[in-house]
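The values are calculated or read from the model by the stated rules, or taken from the named source; none is laboratory data. All figures in this text were calculated on a predicted structure; none of them were measured in a lab. In this analysis, Cβ positions are derived from the backbone assuming ideal geometry, glycine residues included, and neighbour counts consider all displayed protein chains. For the accessible areas, the whole protein counts, side chains as well, though only heavy atoms, and no ligand, DNA or RNA atoms are used. Shrake-Rupley method; radii C 1.70, N 1.55, O 1.52, S 1.80 Å.
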Amino acid sequence: MHITSLSASPSEHSRSAWLTQFALSRLEGRADQQDDILVRALPAEALLTADVQQPDIAAAVRAVEVADLVIVSTPIYKAAYSGLLKVFLDLLPPDALRDKLVLPLATGGSAAHFLALDYALKPVLSALGARHVLDGVFATDAQLRRHEAGGFVPEPDLIARLDRALAPVAARLRQPLNTVASC
């Protein structure tokens, strides 16, 4: 299985980036290949001018195209996914997510932003051909408390929801999820 993760937070130490890595840790050992794309690390000018020939952009687009599972994570700002994610998704070909499992992850300050997954992000994923969208996982700041040593501490309910969302991946591979919580 080829897993590609897209982390679209503009912040270096974001909850959404951490949640992506936590989800990947639950799938540890299942990927034959894994590409982790930090959209904020891609060349800004190439992103904004849609230069899909630029080598880093071309490699990121290709990583999505060849993936079996694409994990898309974003913070929610003003009831929508990040502009950084939008700029990257606009570079993908129309059917870039067809025949892939797609796991949407999002974080936000409060549960008031929960529906942004269903009403803002999932329609865009569908427009890119995604037909196998796993249950989205939304985490509030309170569900991912900062740890004094760095990183975050997920609430048990968040871990359970993430594991339920990832269950179809484990079932497809006929392997249980890694259930050791990490911070």
Rounded if a/c is under 1.5, else prolate if a/b is larger than b/c, else oblate: which is the range 1-87, with a ≥ b ≥ c the root eigenvalues of its Cα gyration tensor? oblate
Report the normalised scattering of the range 54-173 as log10 I(q)/I(0) at q = 0.12, 0.13 Å⁻¹, calculated by the Debye formula with identical scatterers on the alpha carbons. -0.47, -0.55
For LYS78, go through the lysines and keep the ones whose alpha-carbon is under 18 Å away, minus same-chain ones fewer than eight residues off. LYS86, LYS122
Using only alpha carbon pairs under 8 Å that are at least six residues apart, calculate the relative contact order of the range 25-113 and give it in whole percent. 31
Tell me the mean residue ellipticity at 222 nm calculated for the chain from its helices only (DSSP H runs of n ≥ 4, each -39500 (n - 2.57), averaged over every residue, nearest 500). -9500 deg cm²/dmol
Relative contact order of the range 26-177, defined on C-alpha pairs under 8 angstrom at six or more residues apart (%): 20
When ligands, DNA and RNA are left out and all protein chains stay put, how many square angstrom of accessible area per residue does the range 24-142 have with a 1.4 Å probe? 46
Span from the the range 1-44 Cα centroid across to the the range 68-113 one, whole angstrom: 12
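Could you work out the longest stretch of the chain that avoids the trypsin sites (Lys or Arg not before Pro) located in DSSP loops with at most 13 other Cβ atoms within 10 Å? Walk me through the intermediate numbers first.
Values: sites that count: LYS78, ARG98, ARG131, ARG174.
Of all site-free stretches, the longest is 1-77.
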Which percent, to the nearest 5, of DSSP beta bridges fully inside the chain are antiparallel? 15
